[in-house]
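**Q** Below you'll find the structure I mean.
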Amino acid sequence: MNNHLSLHCDTGDNRSESDSTMVTLVKEYPTKDDDLTMGEPSGVSSPQELRNALYARCATFEENHVFDQNELLSFNILPENNVEKLIVHTNRLAKDGLFKLMTKDGKACWKVVKRSDAAKYKSLSQDEALVYSYIEAAQREGIWSKLLRNKTNLHMTTMNRAIKNLESKNYIKSIKTVKWPNRKTYMLAKLQPSENVTGGPFYTDGILDEEFVHQMSLWAERYIIGRSWWHPSLPESVKRKPKSKLTQEEAEELRARELRRGQGRARSEAMLPFRAGYNGYPTLAEITRAINASELSGVVMKESEVGQLLDILCWDGRLEKVLNGKSYRAVRLVIGEEGILLDNGLTESPCGRCPVFDMCEEDGPVNARNCEYFQEWLQH
Amino acid sequence: MSRYASELCVLLVDNLYGELTSRIFQVILREGRLSIPALIHHTGLTPRLVKHGIAVLLQQQLVFWHTSAEDATVYEANTTAAYNLVRAGKYVQIAEEQLGHFAGAVISNLLLLGHARVGDLVQAYGTRSKDKPPLSNGSGSVTDDNVESDVTPKSVHITLHDLLQAGLVSLVNESHFRSDADNRIEAGKVVPAAEYFKNKTKRENEEQREMAILQKLEEWKYPTAPEEEEVEIVNRGKKRRLEDPKESETIKRQRLYLPLVDKVASTAGTAGALRIGHTGALNNDHILRINHDKFAVIMRNRSLVALAEQSICKTTAKVYAEVLRRLESKVRNCKEETGAPDFGDGPELHALPQVSTDDIVAALRHSTDLANAFGNVDASRVNLRQSDHPKRRRRREESDSEDEVMKDGNASRGEEEDEDDSDSEALLTSASSESEEEKGEAEYDPSSSTKTRAKAPENPQLNTIRDHLLLLAQHPYQFLHHFPETPILPEKWTVYFAPLMAHLTHHTLLRTITSRYGLRAARLTRLLSEKGKVDEKNLCSLSLLNQKTMRSYLTALHQAGMIQLQEVPRDNSRNPQRTLYLWFFDIERCKAKMLQETYKSMARCLQRVQVEGDKVKSTVEKASRSDVIGREEEFLGVQEREALRKWREMEDKIWGEVARLDDMVAIMRDF
Ligand code: SF4
């Protein structure tokens, strides 16, 4: 169990603030009636106004800014600018859900919560708020339900109810992680899952988009083939029109065609190598640029993602790395490609493909004497 | 030796030397070392038959023998020789290619005889061509088709000499009839004891003795100018008598089976073994045999050339073939890097046999089509320096003319490409102007360019050939290793075989995997071989396959023994759910598995040949009757002739397949 947990923490939570532990707005600072504690009114502003002013000031900072008490004091908003007063106000703000109390290096600090979010908190029950706060903290990585339960320490049914309520209010959603497709993972409804979760452009809803991978690699391969071998020039007639203005349909048409063909070349017998020292073999950066320029993919591909694509092409035996592994070159002959079936002695012999190979023994029920596969092969 | 390999060896022996011989061979293979009485016991044959069989096996070097101090001779199977029977066809073909038709004929003769005295070989031809006019030219390469008629004793001698020189045949040495272990023991007897070496420590003495033993073994293995008393060439005459059962009965047993007694060929005559006299004659008493190692070297070169052709292009492969041919004479066998002792961290590359650019250029001066093999490319795209000095590689501009050209590509190309192939090639040749090359050259190592360029006008091919050579050297497989020109030494090239062979093996294995289990399976295998041990989750995301597909490929590969699975329990409970599963690709295991499969496939092929042969046995027998040969039309019915034709076709097909399977074996085992 512990292993699972730590594993998840490693992968999932590494983006949250590492050294600040979130202490949520629950009960730890029981709020008293502020009117009693505030002492005599300052005359100018009511405590409510002061808090509003403090909140407004903080809200001008970027979203996830963390304020410590010195920073808050430096705003000089409170008439009696001392720590005790400040704490009173921030506690109240925290209770209203407008501030989020956190601790950093043992000291209290705060984060501003948007009013709309605060409103959400207000409408939540205590359990729901607790659950929500953890889900919120998990940000775009999402949080696994098991981990959530561990952190909140809630009973299973309580937590499930809370989750159900939150889901029905459309505050959170359940997502699919690529790495753990079977884990129930939740994140705020308004967020887009991070690439760690979605697996990047190759995945849709946590499922590998094989067609997309296929199309992209096909295109990339053709692009590289075009640049790593010399090809006889193409007949004029099929050359693309010069860049005149294309109508919408033409552009669409062209893109569809690109999708089908790519702008590179196919392997052919007529390919010739370039002279030694040729340095036009495309690099990862160039290929990435070309792929993005082709607008084949709906999203802009990162180099690392294109690299992943090129890796699998290498593993498929279609590309090889040259020039100290920095550039890519298409392999001249690929098995399985149309027309090129480079069989060898083993794979073309009847036994090399025989389904009962392991059982075939000289005096066994399956043997070379009566074997039909052989007969077939001989007559072929 | 594995089960299938022995099955195969027995089948091969059976196929060539008949049932009796193969039965004895099988018993020796199965039981290990056996003496004649033991053999008689195990085979249940009569002593006469056993002796006859053993004689054949000895003649073909299919068994080793060893005579102990108690005068008991034991026999042991020589599985390498038995396996090599399958290569007979290739040997003849190689000899023909290298030294002409007649050399092929001599090799096939030698294959038939196992090993033979020069005199006997000459005589075998001599009798047939006594009154024919002598061969007019003195060169060893007899290319006539009409071999028999032109053969004179002299031409046989010359051919044999050429074969010896090329290393395709070698002198027979007694050690060739002993197993490796016995050779080692014998060498230990010849080399003086450790105390003899006057070193400071005992260990140094031991080491020196070890070296001496290895050297002795080496001398025995490759006899050239044999020393007295140590090389005792086996007297072939005696063996021949063994073949004749009637005669063998009359000879006393100990004389028969103590082959190293009195009548060992005198070594005095062998001193000048490889020197051919004014008469052009070899010593008639020399005993020759096929040098399997050398043939393996040549076969390896062929595979490499094929690999180069697949990965670069035909013309480059042609240049490569020439390089390998130049190096051939310096490479003795496939298993060691000749001349470069390996001290653990790979051999000293400079010590490997080398060949200079000039030699290659000279050898290829008549090839005219070398320059056509390159794609025309803008000179700015060529930068030789980057390949030699990776760090200084200069960054390229983003957009350039070539990209434009390439982008112009679109729709219906692909199919038409093959057609305009020839004219564009012609265009391209003319376009690859000198100036471009000069530019590439100039960027290259300045010290080498002076000489190279000075020569260029004399030999326009030089740069082209250098380009081919560099292409080979720069390929990820590293077909060649390049030694740039220095002030004292010309530019040279060598082949570092060990890593290259690793590539070749990997290439071959993966090709088989791709062809059998599909491209995706190959992807997973290559991934594993690059990354080491990988768990399923990572494998899934790295391979960009969905889990289900990936699993099905992994299972198939695993079942076939191509990849392995390791289970790492995370705690003591060994609960499968708490276990990590790591996949990995062990090339040695995969290779071993595939080798066994190949042996088995070959064995099955041979079994099938037998079965098919039995079906048409009577017809075949009839057709090979002396009165029928040449008059088939007369004696054989239409059906019979048809059956015969079909049978021959089938036989050819199966043996062709066996030969291709053997190519695989060679790659996985011998190279
Ligand atoms: S002989 Fe027939 S049954 Fe046996 S392995 Fe070969 S193909 Fe399969």
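The values are calculated or read from the model by the stated rules, or taken from the named source; none is laboratory data. Computed from a predicted structure; not experimentally measured. Cβ placement follows ideal geometry from the backbone for every residue including glycine, while neighbour counts extend to all protein chains displayed. For the accessible areas, the whole protein counts, side chains as well, though only heavy atoms, and no ligand, DNA or RNA atoms are used. Shrake-Rupley method; radii C 1.70, N 1.55, O 1.52, S 1.80 Å.
**Q** Among the strands (runs of 3 or more DSSP E) confined wholly to the stretch A:63-120, which include 3 or more residues that are out of contact with any helix residue (DSSP H, G or I) (no Cβ under 8 Å at 6 or more places or on another chain)? First the steps, then the outcome.
**A** On the way: elements: A:66-68, A:99-104, A:107-112.
Answer list for the stretch A:63-120: A:99-104.
**Q** Keeping to the stretch B:586-601, report how many residues are within 11 Å of the ligand (Cβ to nearest atom) and more than 11 Å from every other protein chain (Cβ to nearest Cβ). Write out each step before concluding.
**A** Taking the stretch B:586-601 as the starting set, the residues that turn out to be within 11 Å of the ligand (Cβ to nearest atom) are B:597, B:600-601.
Cutting the leftovers down to more than 11 Å from every other protein chain (Cβ to nearest Cβ) gives us none.
Number satisfying all stated conditions: 0.
**Q** Out of B:Ala55, B:Ala5, B:Ala88, I need the residue that is surrounded by 18 or more Cβ atoms within 10 Å (Cβ to Cβ), aliphatic (A, V, I, L, M) and within 27 Å of B:Asp662 (Cβ to Cβ). Which one?
**A** On the way: B:Ala55 fails: within 27 Å of B:Asp662 (Cβ to Cβ); B:Ala88 fails: surrounded by 18 or more Cβ atoms within 10 Å (Cβ to Cβ).
One residue alone meets the criteria, B:Ala5.
**Q** Are any residues in the stretch A:346-373 more than 8 Å from the ligand (Cβ to nearest atom), farther than 26 Å from B:Ile667 by Cα and at the interface with chain B (Cβ under 10 Å from one of its Cβ atoms), and if so, which ones?
**A** Result: A:Glu362, A:Arg369, A:Asn370.
**Q** Now for a different question. Could you list all residues from the stretch A:166-182 that are under 20 Å from A:Val131 (Cβ atoms), over 15 Å from the mean Cα position of the chain (by Cα) and open to solvent by 50 Å² or more (accessible area, probe 1.4 Å)?
**A** Matches in the stretch A:166-182: A:Glu167, A:Ser168, A:Lys169, A:Asn170, A:Lys173, A:Ser174.
**Q** For the stretch B:602-634, which positions are of a type in the set (S, T, N, Q) and within 16 Å of the ligand (Cβ to nearest atom)?
**A** Taking the stretch B:602-634 and keeping what is of a type in the set (S, T, N, Q), we get B:607, B:610, B:618-619, B:624, B:626.
Matches in the stretch B:602-634: B:Gln607, B:Gln610.
**Q** While we're on this one: I'd like to verify a number: residues in the stretch B:615-642 that are crowded, with 17+ Cβ neighbours inside 10 Å and within 14 Å of chain A (Cβ to nearest Cβ), how many?
**A** Number satisfying all stated conditions: 1.
**Q** Quick check: anything in the stretch A:326-341 within 16 Å of the ligand (Cβ to nearest atom), over 30 Å from B:Leu470 (Cα atoms) and at pLDDT below 80? Walk me through how you get there before you give the answer.
**A** Quick first cut of the stretch A:326-341, residues within 16 Å of the ligand (Cβ to nearest atom) only: none.
No: the stretch A:326-341 contains no residue that is within 16 Å of the ligand (Cβ to nearest atom), over 30 Å from B:Leu470 (Cα atoms) and at pLDDT below 80.
**Q** Also, quick follow-up: If only one of A:Leu78, A:Leu124 is of a type in the set (A, V, I, L, M), under 14 Å from A:Gln48 (Cα atoms) and open to solvent by less than 60 Å² (accessible area, probe 1.4 Å), which one is it? Write out each step before concluding.
**A** On the way: A:Leu124 fails: under 14 Å from A:Gln48 (Cα atoms).
Result of the check over A:Leu78, A:Leu124: A:Leu78.
**Q** I'd like to know if the stretch B:557-567 contains one or more residues that are more than 16 Å from the ligand (Cβ to nearest atom), in a helix (DSSP H, G or I), surrounded by 15 or more Cβ atoms within 10 Å (Cβ to Cβ) and more than 10 Å from every other protein chain (Cβ to nearest Cβ).
**A** Yes.
**Q** When the stretch B:444-495 is examined, which residues are found to be out of contact with any helix residue (DSSP H, G or I) (no Cβ under 9 Å at 6 or more places or on another chain) and modelled with pLDDT of 75 or more?
**A** B:Ile488, B:Leu489
**Q** For A:Leu296, state whether it is away from the ligand (no atom under 13 Å from the Cβ), assigned by TED's automatic domain parsing to the domain that holds A:Ala266, modelled with pLDDT under 80 and open to solvent by less than 30 Å² (accessible area, probe 1.4 Å). I'd like the intermediate steps shown before the answer.
**A** Numbers: away from the ligand (no atom under 13 Å from the Cβ): yes; assigned by TED's automatic domain parsing to the domain that holds A:Ala266: yes; modelled with pLDDT under 80: yes; open to solvent by less than 30 Å² (accessible area, probe 1.4 Å): yes.
Yes; evaluated as a whole, the condition is true for this residue.
**Q** Residue by residue through the stretch B:472-497, note down the ones that are in contact with a strand residue (DSSP E or B) (Cβ under 8 Å, 6 or more places away or on another chain), under 15 Å from B:Asn301 (Cβ atoms) and not polar (S, T, N, Q).
**A** Once the filter is applied, which keeps residues that are in contact with a strand residue (DSSP E or B) (Cβ under 8 Å, 6 or more places away or on another chain), under 15 Å from B:Asn301 (Cβ atoms) and not polar (S, T, N, Q), the stretch B:472-497 yields B:Leu480, B:Trp493, B:Val495, B:Tyr496.
**Q** With B:Lys593, B:Lys646 as the choices, which residue is open to solvent by 10 Å² or more (accessible area, probe 1.4 Å), out of contact with any Phe, Trp or Tyr (no Cβ under 8 Å at 6 or more places or on another chain) and under 30 Å from B:His506 (Cα atoms)? Let's see the steps before the verdict.
**A** Details: B:Lys646 fails: under 30 Å from B:His506 (Cα atoms).
Within the list B:Lys593, B:Lys646, the selection yields B:Lys593.
**Q** Specify which of the listed residues (A:Lys245, A:Lys190) is at pLDDT 80 or above, part of a loop (DSSP other than H, G, I, E, B), more than 11 Å from every other protein chain (Cβ to nearest Cβ) and open to solvent by 30 Å² or more (accessible area, probe 1.4 Å). Step through it out loud before you land on a result.
**A** On the way: A:Lys245 fails: at pLDDT 80 or above.
So the residue among A:Lys245, A:Lys190 that is at pLDDT 80 or above, part of a loop (DSSP other than H, G, I, E, B), more than 11 Å from every other protein chain (Cβ to nearest Cβ) and open to solvent by 30 Å² or more (accessible area, probe 1.4 Å) is A:Lys190.
**Q** Tell me yes or no: at least one residue of the stretch A:270-281 is touching a residue at least 40 places away in the same chain (Cβ under 8 Å) and either outside the structural domain of A:Val322 (by TED's automatic domain parsing) or touching a Ser or Thr at 6+ places or on another chain (Cβ under 6 Å) (or both). Spell out how you get there, then give the answer.
**A** Step one: filter the stretch A:270-281 for residues touching a residue at least 40 places away in the same chain (Cβ under 8 Å), giving A:271-274, A:279-281.
Filter once more, so that each one left must be either outside the structural domain of A:Val322 (by TED's automatic domain parsing) or touching a Ser or Thr at 6+ places or on another chain (Cβ under 6 Å) (or both): A:281.
Yes: one or more hits.
**Q** Run A:Met301 past the list (1) more than 9 Å from chain B (Cβ to nearest Cβ); (2) outside any helix (DSSP H, G or I); (3) open to solvent by 20 Å² or more (accessible area, probe 1.4 Å); (4) at pLDDT 80 or above and report the number of the one that doesn't hold.
**A** So A:Met301 meets the others, but not (3).
**Q** Any chance the stretch A:276-291 includes a residue that's in a loop (DSSP other than H, G, I, E, B) and within 16 Å of the ligand (Cβ to nearest atom)? Spell out the reasoning first.
**A** First, pick out the residues of the stretch A:276-291 that are in a loop (DSSP other than H, G, I, E, B): A:276-277, A:279-282.
Narrowing the set further to residues that are within 16 Å of the ligand (Cβ to nearest atom) leaves none.
No, there is no match, as no residue in the stretch A:276-291 is in a loop (DSSP other than H, G, I, E, B) and within 16 Å of the ligand (Cβ to nearest atom).
**Q** Is it the case that some residue within the stretch B:516-529 is within 16 Å of the ligand (Cβ to nearest atom) and part of a helix (DSSP H, G or I)? Before the answer, list the steps.
**A** So the first thing to find is which residues in the stretch B:516-529 are within 16 Å of the ligand (Cβ to nearest atom), and the list is B:516.
Narrowing further to those that are part of a helix (DSSP H, G or I): B:516.
Yes.
**Q** May I pose another question? So, of the residues in the stretch A:196-213 that are touching a strand residue (DSSP E or B) at 6+ places or on another chain (Cβ under 9 Å) and without any contact (Cβ under 8 Å) to a residue 24 or more places away in the chain, which turns out to be farthest from the other protein chains (Cβ to nearest Cβ)?
**A** Start the filter on the stretch A:196-213 by keeping residues that are touching a strand residue (DSSP E or B) at 6+ places or on another chain (Cβ under 9 Å), which leaves A:197-199, A:202, A:205-206, A:209, A:212.
Still in the running and without any contact (Cβ under 8 Å) to a residue 24 or more places away in the chain: A:198-199, A:209.
Details: A:Thr198: 12, A:Gly199: 7, A:Asp209: 9 Å.
Ranking the candidates gives A:Thr198 first.
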